[in-house]
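**Student:** Sharing a structure with you now.
The values are calculated or read from the model by the stated rules, or taken from the named source; none is laboratory data. Being a predicted model, the structure only gives us computed values, none of them experimental. Virtual Cβ from ideal backbone geometry, glycine too; neighbours counted across all protein chains shown.
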Amino acid sequence: MTYPPYSHPYPTSQSIVSVGPTARYAGVLLLIFGLATLLMGGCTMVVGFNIDSVLAVPEVQNDPHFQKAISELQAEGIELKHVIVTLGILSLIYAIPSLILSILLMTARSRVPVVLGLMLVVLALLPMTLFLFLSLVGGNVIGGIFWMIIMGLHGLILFWLIRAMRHSHATHPYPYAFPGPYVPPPMQQYQYRSPSDRADPSSHNRSDL
């Protein structure tokens, strides 16, 4: 008589990858940046699609710096609406992956979210470097300080992700996990003996099948 394989209720010894707490720190900070950028990008696109109403505001019309910037853009054949909408789209392109990766990093069970986070942060630092350079060249001190702070925080995220990547290791979810399904040994067949056979000494010479 044979029995089907017995599946133990506990999971088998399948290993998972522990990336440590630094990946969660990076995920929390990336979540904050993602939410802030999503809000900023949404507001920017709303302003871009309603630029005519914004330009009709008296405070905007009486601002010499703003009017000078508009005149420079128009002299180069660039519309202000296109510039603002493009900035809003770029903000959303950064915000949506940041929010997704932040959740994956806070619940990371593999190195894949860490690698994707490294790629996102490195790609985000490239335009930030350009904006910092343009701010410093244009004499915008406040803008330069702003981009330096943002780049410094992204550098901290990059440091945490690199540390999580270097200290990641395989671990087991259960210390006493079973290697696989338990298969009991086949049971031996037993031949029943009647009382008369037991009383007969010759029956002891029979072999059990």
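**Student:** Out of all the residues in the stretch 84-98, which are aliphatic (A, V, I, L, M) and closer than 14 Å to residue 46 by Cβ?
**Tutor:** Of everything in the stretch 84-98, those that are aliphatic (A, V, I, L, M) and closer than 14 Å to residue 46 by Cβ turn out to be 84, 85, 87, 89, 92.
**Student:** A further question on this structure: Regarding residue 155, is this residue within 20 Å of residue 26 (Cβ to Cβ) and surrounded by fewer than 18 Cβ atoms within 10 Å (Cβ to Cβ)?
**Tutor:** When the stated conditions are applied, residue 155 passes them.
**Student:** Please state which one of 20, 27 is under 30 Å from residue 160 (Cα atoms), surrounded by 16 or more Cβ atoms within 10 Å (Cβ to Cβ) and modelled with pLDDT under 80.
**Tutor:** 20
**Student:** Mind checking which pairs have a first residue in the stretch 20-48 that is touching a residue at least 60 places away in the same chain (Cβ under 8 Å) and a second that is surrounded by fewer than 17 Cβ atoms within 10 Å (Cβ to Cβ) and not in a helix (DSSP H, G or I), Cβ under 7 Å, 6 or more apart or different chains?
**Tutor:** Correct list of pairs: 20/167.
**Student:** Please enumerate the residues belonging to the stretch 102-119 that are under 15 Å from residue 165 (Cα atoms) and in a helix (DSSP H, G or I).
**Tutor:** 104, 105, 106, 112, 113, 114, 115, 116, 117, 118, 119
**Student:** Could you list all residues from the stretch 100-115 that are touching a residue at least 60 places away in the same chain (Cβ under 8 Å) and closer than 18 Å to residue 158 by Cβ?
**Tutor:** Matches in the stretch 100-115: 101, 102, 104, 105, 106, 108, 111, 113, 114.
**Student:** So, one more: So which residues in the stretch 104-120 are surrounded by 15 or more Cβ atoms within 10 Å (Cβ to Cβ) and touching a Leu at 6+ places or on another chain (Cβ under 9 Å)?
**Tutor:** Scanning the stretch 104-120 gives 104, 105, 106, 113, 114, 116, 117, 118, 120.
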